[in-house]
Amino acid sequence: MEDTEEGKLSQFLVAANRIAFIDPANGNETPMFVAQGNQIFMNEVFLKYLTAPTITSGGNPPVFSLTPDGRLTAKNADISGNVNANSGTLNNVTINENCRVLGKLSANQIEGDLVKTVGKAFPRDSRAPERWP
(Lines give C-alpha, C1' and ligand atoms only; values in the text may rest on other atoms or scores of the structure.)
Protein backbone atom coordinates (compact mmCIF):
# COMPACT_ATOMS: atom_id res chain seq x y z
CA MET A 1 0.00 0.00 0.00
CA GLU A 2 1.12 3.48 -0.79
CA ASP A 3 -0.29 6.78 0.46
CA THR A 4 -0.94 9.24 -2.36
CA GLU A 5 -2.77 12.58 -2.59
CA GLU A 6 -5.81 10.71 -3.94
CA GLY A 7 -5.71 8.21 -1.08
CA LYS A 8 -4.27 4.77 -0.65
CA LEU A 9 -2.86 3.04 -3.73
CA SER A 10 -2.45 -0.69 -3.75
CA GLN A 11 -0.29 -2.53 -6.23
CA PHE A 12 1.00 -5.98 -6.98
CA LEU A 13 4.62 -5.65 -8.01
CA VAL A 14 6.74 -8.58 -9.15
CA ALA A 15 10.43 -8.37 -9.93
CA ALA A 16 11.11 -11.07 -12.50
CA ASN A 17 12.54 -11.53 -16.00
CA ARG A 18 9.45 -13.47 -17.08
CA ILE A 19 5.95 -13.88 -15.67
CA ALA A 20 3.50 -16.50 -16.91
CA PHE A 21 0.01 -17.52 -15.79
CA ILE A 22 -1.51 -20.95 -16.25
CA ASP A 23 -4.86 -22.33 -15.15
CA PRO A 24 -4.15 -25.30 -12.85
CA ALA A 25 -7.81 -26.31 -12.91
CA ASN A 26 -7.83 -27.41 -16.57
CA GLY A 27 -4.44 -29.15 -16.57
CA ASN A 28 -3.25 -27.05 -19.48
CA GLU A 29 0.38 -26.05 -19.03
CA THR A 30 0.33 -23.57 -21.93
CA PRO A 31 0.40 -20.12 -20.37
CA MET A 32 -2.62 -17.92 -21.03
CA PHE A 33 -0.48 -14.85 -20.34
CA VAL A 34 3.28 -14.24 -20.53
CA ALA A 35 5.17 -11.01 -19.80
CA GLN A 36 8.77 -10.93 -20.92
CA GLY A 37 11.18 -8.36 -22.34
CA ASN A 38 8.77 -5.39 -22.21
CA GLN A 39 6.16 -7.38 -24.13
CA ILE A 40 2.97 -9.17 -23.14
CA PHE A 41 1.88 -12.30 -25.02
CA MET A 42 -1.68 -13.64 -24.93
CA ASN A 43 -3.42 -16.15 -27.20
CA GLU A 44 -6.92 -14.70 -26.89
CA VAL A 45 -7.90 -11.30 -25.53
CA PHE A 46 -11.25 -9.64 -24.93
CA LEU A 47 -11.04 -5.89 -24.53
CA LYS A 48 -14.11 -3.75 -24.16
CA TYR A 49 -12.22 -0.60 -25.20
CA LEU A 50 -8.75 -0.29 -26.71
CA THR A 51 -6.68 2.85 -26.82
CA ALA A 52 -3.50 2.36 -28.81
CA PRO A 53 -1.36 4.83 -30.73
CA THR A 54 -0.68 2.30 -33.50
CA ILE A 55 -2.31 -1.02 -34.37
CA THR A 56 -0.44 -3.42 -36.65
CA SER A 57 -1.26 -7.00 -37.59
CA GLY A 58 1.28 -9.77 -37.47
CA GLY A 59 3.05 -10.96 -40.57
CA ASN A 60 5.92 -9.63 -42.58
CA PRO A 61 4.94 -7.33 -44.14
CA PRO A 62 1.89 -6.59 -42.00
CA VAL A 63 -1.44 -6.84 -43.84
CA PHE A 64 -3.24 -4.32 -41.62
CA SER A 65 -2.13 -1.15 -39.85
CA LEU A 66 -3.74 1.92 -38.32
CA THR A 67 -1.50 4.86 -37.44
CA PRO A 68 -2.08 7.73 -34.97
CA ASP A 69 -2.83 10.14 -37.84
CA GLY A 70 -5.69 7.91 -39.00
CA ARG A 71 -3.97 6.22 -41.93
CA LEU A 72 -5.52 2.80 -42.50
CA THR A 73 -3.65 0.30 -44.66
CA ALA A 74 -5.21 -3.07 -45.37
CA LYS A 75 -4.46 -5.73 -47.97
CA ASN A 76 -7.43 -7.63 -49.46
CA ALA A 77 -9.95 -5.53 -47.54
CA ASP A 78 -13.64 -6.34 -47.85
CA ILE A 79 -15.39 -3.14 -46.82
CA SER A 80 -19.17 -3.08 -46.77
CA GLY A 81 -21.52 -0.27 -45.87
CA ASN A 82 -21.05 3.41 -46.60
CA VAL A 83 -17.59 4.68 -47.59
CA ASN A 84 -16.82 8.41 -47.67
CA ALA A 85 -13.59 9.56 -49.28
CA ASN A 86 -12.41 13.07 -50.14
CA SER A 87 -9.48 12.16 -52.36
CA GLY A 88 -7.47 9.22 -53.52
CA THR A 89 -6.78 6.83 -56.37
CA LEU A 90 -8.55 3.66 -57.49
CA ASN A 91 -6.87 1.17 -59.84
CA ASN A 92 -8.57 -1.61 -61.81
CA VAL A 93 -12.01 -1.28 -60.23
CA THR A 94 -15.44 -2.34 -61.40
CA ILE A 95 -18.64 -0.43 -60.72
CA ASN A 96 -21.27 -3.16 -60.72
CA GLU A 97 -24.31 -0.93 -60.71
CA ASN A 98 -25.25 2.66 -61.48
CA CYS A 99 -22.93 5.57 -60.84
CA ARG A 100 -23.68 9.32 -60.66
CA VAL A 101 -20.90 11.79 -61.29
CA LEU A 102 -21.93 15.17 -59.87
CA GLY A 103 -18.72 16.94 -60.86
CA LYS A 104 -16.50 17.06 -63.91
CA LEU A 105 -15.53 13.76 -65.57
CA SER A 106 -12.13 13.57 -67.29
CA ALA A 107 -11.06 10.44 -69.16
CA ASN A 108 -7.97 9.49 -71.17
CA GLN A 109 -9.53 6.42 -72.79
CA ILE A 110 -13.13 5.30 -73.09
CA GLU A 111 -14.23 1.94 -74.45
CA GLY A 112 -17.79 1.09 -75.34
CA ASP A 113 -20.78 3.13 -76.39
CA LEU A 114 -21.23 6.65 -75.12
CA VAL A 115 -23.99 7.43 -77.60
CA LYS A 116 -25.76 4.95 -79.80
CA THR A 117 -26.94 6.21 -83.15
CA VAL A 118 -29.73 4.55 -85.03
CA GLY A 119 -30.50 5.20 -88.67
CA LYS A 120 -34.12 5.43 -89.71
CA ALA A 121 -35.66 5.70 -93.18
CA PHE A 122 -38.53 8.14 -93.49
CA PRO A 123 -41.07 8.10 -96.31
CA ARG A 124 -40.57 10.80 -98.89
CA ASP A 125 -43.17 13.50 -99.08
CA SER A 126 -44.51 13.72 -102.62
CA ARG A 127 -44.73 17.47 -102.25
CA ALA A 128 -40.99 17.83 -101.68
CA PRO A 129 -38.83 19.01 -104.57
CA GLU A 130 -37.14 16.31 -106.64
CA ARG A 131 -33.70 17.19 -105.45
CA TRP A 132 -34.69 16.98 -101.81
CA PRO A 133 -31.90 15.17 -100.04
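The values are calculated or read from the model by the stated rules, or taken from the named source; none is laboratory data. Fair warning: this is a prediction, and the values are worked out from it, not measured in the lab. Backbone-built Cβ (ideal geometry, glycine too); neighbour counts: all protein chains shown.
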| What are the residues in region 81-121 that are hydroxyl-bearing (S, T, Y) and at pLDDT 90 or above, if any? | S87, T89, T94, S106
| Out of all the residues in region 29-52, is one or more in contact with a strand residue (DSSP E or B) (Cβ under 8 Å, 6 or more places away or on another chain), assigned to a loop (DSSP other than H, G, I, E, B), polar (S, T, N, Q) and without any contact (Cβ under 8 Å) to a residue 24 or more places away in the chain? | no
| remark: Residue pairs within 8 Å by beta carbon, gap of at least six or interchain, first lying in region 11-23 and exposed (fewer than 10 other Cβ atoms within 10 Å of the Cβ), second of a type in the set (G, A, S) and modelled with pLDDT of 90 or more, listed first then second, are R18/A35
